[in-house]
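> Take a look at this one; I'll ask things after.
The values are calculated or read from the model by the stated rules, or taken from the named source; none is laboratory data. Fair warning: this is a prediction, and the values are worked out from it, not measured in the lab. Cβ sites come from the backbone with ideal geometry, for glycine too, and all protein chains shown count toward neighbours. Accessible surface areas use protein heavy atoms only, side chains included; no ligands, DNA or RNA. Shrake-Rupley method; radii C 1.70, N 1.55, O 1.52, S 1.80 Å.
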Amino acid sequence: MTTSAAPDGMRASGAPVVAALNASSLHRFFHSGDEETQALRGVTITVAPGEFVAVVGPSGSGKSTLLSCLAGLDEPDGGTVRIGGTRITRRPESERARLRARLIGLLTQSGNLLNHLSVVQNIALARRLAGNPAAPTGTDPLAELGLAHRAHARPDTLSGGETVRAGLAVALANDPPVLLADEPTGELDSTTEAQVLTILTRRAHRGTALLVASHSAAVAAAADRVITLRNGQVQ
Ligand SMILES: Nc1ncnc2c1ncn2[C@@H]1O[C@H](COP(=O)(O)OP(=O)(O)OP(=O)(O)O)[C@@H](O)[C@H]1O
């Protein structure tokens, strides 16, 4: 909620508000032989700091492709992605990886935990990759996620709900301004899903911009805004 009388897109001070995440006219095509799949066809979205946006749409509508492009895991064939004003597209992979480590928390369907490391070692690795070996002050993601007692567990010994929370702890290890999650609650029962959504909502209230791709009605209900993708376009 805003109490300022400043016009849209401006702070009360007159300075422009920088979107946490801005994607402009994203296109992504895949080719296989003579077949072309237009996975993204001109997708433009903006997420403000502290906003929780759900991306919904039928299977194959482009949700995972969109998240990969937003995270800099994949390079779109056209369009631009900016995180907090910093362009992440059209850069070498090494630069995209550096920016991703610093600016984006990412939870993918394949998970973001290395099985040969404990949960706490996975968090430490995420911090080293971002060039932040020390924890951000005042944050202990494991305590926040109710997972302190599983800090030294290997990921393959965790329950489904613990695995998602451990993945979130890694994604949040550097207190990123943007958190992207692909179907984070797909494997969870409704009680555990509600717990994860409470954690995500709390994060948004602390200023993190959240973009969550999901088929779940509960995720859409918890979000501030829902974007529907169909055939690679925002409806
Ligand atoms: N690497 C790839 N090579 C070829 N086609 C791909 C590739 N990745 C995605 N696609 C195609 O792009 C389209 C969008 O796929 P995407 O995985 O983004 O959809 P989605 O909305 O995430 O689906 P789901 O909800 O089932 O996960 C689909 O037609 C898919 O088959």
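> What is the number of the single condition among (1) open to solvent by 60 Å² or more (accessible area, probe 1.4 Å); (2) in contact with a helix residue (DSSP H, G or I) (Cβ under 7 Å, 6 or more places away or on another chain); (3) touching a residue at least 24 places away in the same chain (Cβ under 8 Å) that residue 102 does not meet?
Here residue 102 meets the rest and fails (2).
> Tell me whether the range 59-69 contains one or more residues that are more than 11 Å from the ligand (Cβ to nearest atom), at pLDDT 95 or above and either on the phi < 0 side of the Ramachandran plot or not aliphatic (A, V, I, L, M) (or both).
No: the range 59-69 contains no residue that is more than 11 Å from the ligand (Cβ to nearest atom), at pLDDT 95 or above and either on the phi < 0 side of the Ramachandran plot or not aliphatic (A, V, I, L, M) (or both).
Listed here are the residues, each with its yes/no results for (1) more than 24 Å from residue 60 (Cα to Cα); (2) out of contact with any Asp or Glu (no Cβ under 8 Å at 6 or more places or on another chain); (3) not hydroxyl-bearing (Ser, Thr, Tyr).
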{"site": "194", "(1), (2), (3)": "yes, yes, yes"}
{"site": "199", "(1), (2), (3)": "yes, no, yes"}
{"site": "203", "(1), (2), (3)": "yes, yes, yes"}
{"site": "221", "(1), (2), (3)": "no, yes, yes"}
{"site": "226", "(1), (2), (3)": "no, yes, yes"}
{"site": "229", "(1), (2), (3)": "no, yes, yes"}
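> Still on this structure, I have one more. Given the residues 212, 119, 196, 164, which is the only one that is of a type outside the set (Ser, Thr, Tyr), closer than 21 Å to residue 84 by Cβ and touching a helix residue (DSSP H, G or I) at 6+ places or on another chain (Cβ under 7 Å)?
On inspection, the qualifying residue turns out to be 212.
> Tell me which strands (runs of 3 or more DSSP E) are completely within the range 17-82 and hold 3 or more residues being under 14 Å from the mean Cα position of the chain (by Cα) and under 17 Å from residue 223 (Cα atoms), or say none if there are none.
In the range 17-82, the matching strands (runs of 3 or more DSSP E) lie at 35-47, 52-56.
So that you can scan it fast, the table gives a plain yes or no per residue for (1) at pLDDT 95 or above; (2) closer than 18 Å to residue 114 by Cβ:
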{"residue": "138", "(1), (2)": "no, no"}
{"residue": "141", "(1), (2)": "no, yes"}
{"residue": "191", "(1), (2)": "no, no"}
{"residue": "219", "(1), (2)": "yes, no"}
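> Another one. Would you pick out the residues in the range 68-93 that are under 21 Å from residue 170 (Cβ atoms) and either open to solvent by 20 Å² or more (accessible area, probe 1.4 Å) or in contact with a Phe, Trp or Tyr (Cβ under 9 Å, 6 or more places away or on another chain) (or both)?
Matches in the range 68-93: 68, 73, 74, 84, 93.
Matching residues to (1) within 13 Å of the ligand (Cβ to nearest atom); (2) closer than 25 Å to residue 127 by Cβ:
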{"residue": "151", "(1), (2)": "no, yes"}
{"residue": "166", "(1), (2)": "no, yes"}
{"residue": "170", "(1), (2)": "no, yes"}
{"residue": "175", "(1), (2)": "no, yes"}
{"residue": "188", "(1), (2)": "no, no"}
{"residue": "201", "(1), (2)": "no, yes"}
{"residue": "214", "(1), (2)": "yes, no"}
{"residue": "220", "(1), (2)": "no, no"}
{"residue": "225", "(1), (2)": "no, no"}
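> Yes or no: residue 86 of a type in the set (Val, Ile, Thr), more than 9 Å from the ligand (Cβ to nearest atom) and farther than 23 Å from residue 223 by Cβ?
Yes; evaluated as a whole, the condition is true for this residue.
> So which residues in the range 105-122 are open to solvent by less than 70 Å² (accessible area, probe 1.4 Å), away from the ligand (no atom under 16 Å from the Cβ) and outside any helix (DSSP H, G or I)?
Of everything in the range 105-122, those that are open to solvent by less than 70 Å² (accessible area, probe 1.4 Å), away from the ligand (no atom under 16 Å from the Cβ) and outside any helix (DSSP H, G or I) turn out to be 105, 112, 113, 117, 118.
> Scanning for something farther than 18 Å from residue 181 by Cβ and among the aliphatic types (A, V, I, L, M), does the range 105-114 turn up at least one residue?
Yes: one or more hits.
> In the range 16-37, what residues are open to solvent by less than 80 Å² (accessible area, probe 1.4 Å) and more than 16 Å from the ligand (Cβ to nearest atom)?
Within the range 16-37, 17, 18, 19, 20, 21, 22, 24, 25 qualify.
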